[in-house]
Every structure is written in structure tokens, then in C-alpha cells.
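Structure incoming, see below.
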2 protein chains.
Amino acid sequence: MTNADSGITGSLEDYLETIYRILARNSVARVKDIAENMEVSPASVTPAMKRLADKQLIRYSKRSYIDLTEKGLFIARRTMTRHKLLSRFLTEILGISRKQAESDACAMEHFLSESSMERLAAFFEFLAARPELQALIDTGFDESAPLKIGPELLCLTDLEPGSSGRIAMINAGQQVRRELIDSGFIQGTTVTLIRPGGTDLPFIVNLDGYDQHLSPEIAESVLLHPHREQTGEDDNEK
Amino acid sequence: MTNADSGITGSLEDYLETIYRILARNSVARVKDIAENMEVSPASVTPAMKRLADKQLIRYSKRSYIDLTEKGLFIARRTMTRHKLLSRFLTEILGISRKQAESDACAMEHFLSESSMERLAAFFEFLAARPELQALIDTGFDESAPLKIGPELLCLTDLEPGSSGRIAMINAGQQVRRELIDSGFIQGTTVTLIRPGGTDLPFIVNLDGYDQHLSPEIAESVLLHPHREQTGEDDNEK
DNA sequence: TTCATTTGTTAGATTTGTCTAACAGAAATA
DNA sequence: TATTTCTGTTAGACAAATCTAACAAATGAA
Ligand SMILES: [Mn+2]
Ligand SMILES: [Mn+2]
Ligand SMILES: [Mn+2]
Ligand SMILES: [Mn+2]
């Protein structure tokens, strides 16, 4: 798989990023360091170095130290910047743990387009220029503070059969919450009640053209935005 | 490469997602539809279907229609939800074009962890519950409205040699802006002035342990947060 | 200088994912 | 019914990325 932006694969970008990090501290980069940093066997590093040298991204000859070319330095630096940007987004904005953020960022960094990258950077500039907003996110948006339930939210179980509503939030414990999110119950999505449930009867709802069954307790935790109850109108995804 | 969450590769997740989308409209899914949707040759679809059937994610026998199993349906739905979440983040929050967002989202969706996914969904709930914030992002954060330069921002060129500052924003046209961002000049990053430049002499700055040269015009567009000018303190990345 | 240890390479295998070209089966049409 | 067209599979090739096991070179110690 070739990355559109750099013309090389995600794996090779990771090798460059790793070499860059090593060189920023160690003055020389060796196969062994790279293997350890990336947690692959040294036998995997050698062919990767050959591929990178073929593409003129590193200077490499058998058994010698490894150095980045101008082109390689550029890709390495850009990859690391993406890594940092994504990792900061995940930790600072979403509140993900450092470790998880590192791993997610390093997986996604290879697929961010140049424009998404620029806009994400702009998002941080935007936040930093508005301390009141930054504060709102810092204080109001963390694991401990449960989201305040707005005054006029409607419950999915209160919907008329055949009518629709837009999801505002999921009000449930982590497990049920994740199940619902995995199933597509995310804010802004339109859900239509096909058949109401009862004590032992699951609710049937339609979401993105697919019918799904929800037990009454689970349906209870889906809260909808008030007003605007048109049927058959889907405002996301064509 | 095996995705931590679902135990299958990103490519196979895309096949499941595609089958899901087709079934939501077409009642049956055929090799041809899948090949067209994913823009691969039909000869690539057959072995993918075999791999999916081996893993019990689809029901498939030679020359017959393709159907998702319970397990396959679950992964398909979750993949599509990730796709939607990321795509909405890119379009609604960052203001990326629809097309670019679709492509970025479909590339990144396979690598989001369960917790990042849940937090991203929470971010939308959070925004929707605070219309004033939503409005701020909608109006203040788009391509057309250039970010207001805060009152007391410091320019990189005003830094004392040896002293540091945290980047607040890049104030430059798209091209220079992207170059700087690719080079690691993103909000919050500490930059240290190593050697000031002159009319024809580039500035040398240190960023993440690496020295970089910046022409005076370009250095001019790096604006720093006021106060807090300690040297050698790096608040991002260990 | 010789031997042991560390480091790096090669050989050979495996999995995944793609392609083109050739072929086979099914469906539609004449 | 016979033939054409559409659809799907197979065969064979290739590139990328990894592994283990065996080997080779370089380094360091005795
Ligand atoms: Mn990576
Ligand atoms: Mn990375
Ligand atoms: Mn995808
Ligand atoms: Mn997708």
C-alpha cells in the first residue's frame, strides 16, 4: 500500500520516523537501534533499509551507520509532526491515555491528508487563541464529569412508531454506551422507530437503512434532540 | 497487518463495510458489486471472500450471493460507524472537503482504538449540548475567516538567542504555512533560537532536538505565546 | 592474536493483497 | 435451442512485510 502523500508505505514512513528520533539523540543510527525501537527483528530491518536506500531516502551501505537524505529527513519530520498532532488531539482534546494515544496516532499518521493535517494544526491554534474555550474543554470534557442532560431531551422509547429523531447522546455505563456507539448510535444520526417494544419485547429501530433490535433498557439510554421530527430525512451520509 | 480490535486486516474490514453498504440498499451482494464499489478487480474479490468465509464473517460459496454472519455484521457496522465519525469530525469540525474527508476517514477508520472511538463520539455529544460552542466553531473556524492575531503575541525573530518560546500560530499563506507545519511548527511546540538571522542570513532554531534553518521572511510568520520564556523546557513529547 | 560476543546479513518461508489473462459457468437473447 | 454476453474463478505473477535459522563480519577481551 503506497501512501498518496509521500509515495512510500506506512511501514517505511515508520522506519524513517524511527531513524529520525534516534538521530535526534544518538548521533548515529544502527540496525540494532531501529529493530529495538520498532520491536521487529533485525532481519526485518535490513530489507527495509534496502528499500529506503533504493528510494534515496537514506544513505546506507552494508554494515554501516544509517543516515537520512534531505528527502528522507523531510518525510521523517513530517511523519513525526503528524504523530505529534494526532497524539495531542487524542490526549488533550479527547482525553485518551498517553499510551493508547501514542499507538493510535502512530497507526493513523500515515493516512492523514495534507489538508487534514493543516486544519488539525489550525484547530490547536484556534483553541489556544480562545482560553475560555480551551477551559471549557479542559474542565467540562473529561471522563469524570458526566455530560449534563439538557432540559428538553426526548427518549427513544417516547418516539411515535414511524417517526424519527436525531440522537443527542447516549446516557449509559461504559459497556452499553460502547455497544450502542459501535452499532452506529452517535450524535446527529437519525433514528426511526419501526416498532415500539414492551416489557419483554425489543424495540425495532432503523438506522442508516438497517433495522436493529434494542432491548427496552438499552433503548432507554438513547436520548434524542427535541423538535424536528420529520420521517425519512437523513442528514448524514448520502 | 492485523487490526487489534477486530482481529482482521483493514482491507478485510473494508470488504465487510462494502458488503454492509450494498446490503442496506440492494438485498443481495455480488462479487461484481463489491469489485465496483471498492475499485478492485473481481479477481481480487474472490480470494478476499474466501478469507472472510474462513473467518466465519460471511456466508459464501462459489458463485453464490454473499451474506454477512452475525460476527461479520458487527464488524461491518462498527467499521462504518468509525468511518462516519471520522468523516464528520473532518468535515464538521475541521472543515475538510467531503471528498477528502471520505478518503481520509476510510483510511484511518481501521486504526482507531475502542476508547478513542468512544471519546470522539462523546466530543460530538459535548458540542451538541453547547450550542454557543458549536456556533463558535461553525463561524469562527473556517478557511475564509483568518485567525485573529492576539494582542501580545511575540515573533520568533524577536526572541533572544538561547531563549525559547511556545508557538501560538503560523501567520502565513497556505504554502509557507504547510511547509512550517510539516517541519513541526505546530501550536504548543517549544522552539529555541540558536542563532538569529539577518537580511540574508537564515535563523537557526531548535525544535524537538533538531536544528533547522529558517529564512527571515519565514521566521517572521512564526508567532509565539507571550511570557514563560524558560530555556530547555519541552512540554510536549518526552 | 585468538576467541567470544555482538551485530548485521542472507536464505528461505509465510501471509496478505493486488494484478492480468485465460477459462468456466449462468443468464439472456436471438 | 444455440449463441452471446455477463459474471465469477483460477492460474500465475508480483511486491511488501514480516519471521526463524544459519551464517558472516566486526568488535572487544583475555
Ligand atoms: Mn506509524
Ligand atoms: Mn509514529
Ligand atoms: Mn477503510
Ligand atoms: Mn470506510
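Condition check: touching a residue at least 24 places away in the same chain (Cβ under 8 Å), within 16 Å of DNA strand C (Cβ to nearest atom), of a type in the set (Lys, Arg) and within 25 Å of B:Thr9 (Cα to Cα). Does A:Arg82 satisfy that?
So A:Arg82 fails the test.
Could you check A:Arg25 against (1) more than 12 Å from chain B (Cβ to nearest Cβ); (2) of a type in the set (D, E, K, R); (3) away from DNA strand C (no atom under 12 Å from the Cβ) and say which number it fails?
With respect to (1) more than 12 Å from chain B (Cβ to nearest Cβ); (2) of a type in the set (D, E, K, R); (3) away from DNA strand C (no atom under 12 Å from the Cβ), A:Arg25 is out only on (1).
Still on this model: Away from DNA strand C (no atom under 16 Å from the Cβ), within 25 Å of A:Ile181 (Cβ to Cβ) and within 11 Å of chain A (Cβ to nearest Cβ): which single residue out of B:Phe74, B:Phe111 fits that description?
One residue alone meets the criteria, B:Phe74.
Still on this structure, I have one more. Run B:Ser6 past the list (1) within 11 Å of DNA strand C (Cβ to nearest atom); (2) more than 9 Å from chain A (Cβ to nearest Cβ) and report the number of the one that doesn't hold.
Here B:Ser6 clears every test but (1).
Search the range B:208-222 for residues being within 27 Å of the chain's Cα centre (by Cα) and either assigned to a loop (DSSP other than H, G, I, E, B) or modelled with pLDDT of 95 or more (or both), and hand back the single one that is nearest to B:Thr157 (Cα to Cα).
Restricting to residues being within 27 Å of the chain's Cα centre (by Cα) and either assigned to a loop (DSSP other than H, G, I, E, B) or modelled with pLDDT of 95 or more (or both), the top hit is B:Ala219.
Please determine, by comparing only the residues of the range B:174-203 that are away from chain A (no Cβ under 14 Å) and among the charged types (D, E, K, R), which one is nearest to the chain's Cα centre (by Cα).
B:Arg195
Considering only residues that are among the acidic types (Asp, Glu) and either over 22 Å from B:Phe111 (Cα atoms) or free of Cβ contacts under 8 Å to residues at least 40 places away in the same chain (or both), look in the range B:5-55 and name the one that is nearest to ligand 1 (Cβ to nearest atom).
Result: B:Glu39.
For the range A:148-207, which residues satisfy the criterion of being of a type in the set (Lys, Arg) and either in a loop (DSSP other than H, G, I, E, B) or touching a His at 6+ places or on another chain (Cβ under 9 Å) (or both)?
Listed by number, the residues that qualify are A:Lys148, A:Arg166.
Could you go through the range B:75-93 and let me know if any residue there is in the same structural domain as B:Cys106 (by TED's automatic domain parsing), of a type in the set (A, V, I, L, M) and farther than 21 Å from A:Tyr210 by Cα.
Scanning the range B:75-93 turns up at least one residue that is in the same structural domain as B:Cys106 (by TED's automatic domain parsing), of a type in the set (A, V, I, L, M) and farther than 21 Å from A:Tyr210 by Cα.
The values are calculated or read from the model by the stated rules, or taken from the named source; none is laboratory data. This is a predicted model, so every value here is computed, not measured. Note: ideal-geometry Cβ built from the backbone for every residue, glycine included; neighbour counts use all protein chains shown.
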